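Colleague: I'd like to ask you about the structure that follows.
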Amino acid sequence: ATERTLSIIKPDATSRNLTGKINAKFEEAGLRIVAQKRIQLSKEQAGEFYKVHAERPFYGELCEFMASGPVVVQVLEGESAITKNREVMGATNPADADEGTIRAEFAESVGENSVHGSDAPETAAEEIAFFFSGLEIVG
Ligand code: CMP
């Protein structure tokens, strides 16, 4: 079925001017960018977005990193978009990511791993609503 998923191009990638190269990977995989904006998160906003990870040892570092520079938040649409996006991103740790994936090519470490993507339909709906109103998404 056609799905939508939330994607974030993280500060390590925006700072290295990789937005276009990453978007090309999504588009080559058949994902359509149906909403997109470049924003600066505060640490508090990053903490709210990642609150499921609040008890993890890396939570503080994660929030600081996500607020360390601009991010590009986007909605990707396509057939099985949630799974497809996760395939295009590659494994969380770039050392484990398959060749040709975004994280294999661009990520610097497990923390500075260039992109985020929703992991399931329920989280995709929640994460899209965190950043976008319905009017901002044009399929
Ligand atoms: P993301 O898909 O954005 O979701 C949570 C993030 O936590 C994850 O990608 C990683 O970038 C980040 N993170 C930082 N350190 C770790 C770690 N040691 N293990 C797993 N994820 C980590």
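Colleague: Take region 1-49, compute every pairwise Cα distance, and split them into 5 Å bins from 0; I just need the percent in each bin.
Modeller: 4, 15, 26, 24, 17, 11, 4, 0
Colleague: Counting Lys and Arg as +1 and Asp and Glu as -1, each charge on the Cβ, what is the dipole of region 36-139 about the Cα centre in debye, to the nearest 20? Let's see the in-between values first.
Modeller: Values: 8 positive and 19 negative charges, 56 e Å.
Here the size comes out at about 280 debye.
Colleague: In Å², and per residue, what accessible area does the chain have when probed at 1.4 Å with the other protein chains present?
Modeller: 52 Å²
Colleague: First compute the accessible area of the chain with a 1.4 Å probe, then give the percent of it belonging to carbon and sulfur atoms.
Modeller: 48 percent
Colleague: Next question. Using only the C-alpha atoms of region 73-139, find the volume of their convex hull and express it per residue in Å³.
Modeller: 95 Å³
Colleague: Which three extents, in angstrom, do the Cα atoms of the chain have along their principal axes, listed largest first?
Modeller: 36, 34, 26
Colleague: Would you mind listing how long region 31-73 runs along its three principal axes, going by Cα atoms, in whole Å with the largest first?
Modeller: Taking the Cα atoms of region 31-73, the three principal extents are 34, 20, 13 Å.
Colleague: Going by average Cβ density within 10 Å per residue, which order do the peptides 92-99, 16-23 take, highest to lowest?
Modeller: Ranking, from highest mean packing down: 16-23, 92-99.
Colleague: Can you check what the net charge comes to around Lys51, using other residues whose Cβ is under 12 Å from the Cβ of Lys51 (Lys, Arg +1; Asp, Glu -1)?
Modeller: -4
Colleague: I would also like to ask the following. Taking the Cβ of Thr123 as the center, what net charge do the other residues with Cβ under 15 Å away carry, scoring Lys and Arg +1 and Asp and Glu -1?
Modeller: Charge balance in the 15 Å sphere: -3.
Colleague: What is the packing order of peptides 33-43, 106-116, taking the mean over residues of other C-beta atoms within 10 Å and listing the highest first?
Modeller: Ranked by mean Cβ neighbours within 10 Å, highest first: 106-116, 33-43.
Colleague: Give me the one-decimal nm value for the distance between modelled label points at Ala104 and Ala129, 7 Å along each residue's Cα-to-Cβ direction.
Modeller: Placing both labels 7 Å beyond Cα along the Cβ direction yields 3.6 nm.
Colleague: Applying a 10 Å radius around every beta-carbon, put 119-125, 45-51, 66-72 in order of their mean neighbour count, most first.
Modeller: Highest-to-lowest ranking by the protection proxy: 66-72, 45-51, 119-125.
The values are calculated or read from the model by the stated rules, or taken from the named source; none is laboratory data. Predicted model, so just to flag it, every value in this text is computed and none were measured. So basically every Cβ, Gly included, is an ideal-geometry build from the backbone, and we count neighbours across all protein chains shown. Please note that ligands, DNA and RNA were not included when accessible areas were found on the heavy atoms of the full protein model with its side chains. Shrake-Rupley method; radii C 1.70, N 1.55, O 1.52, S 1.80 Å.
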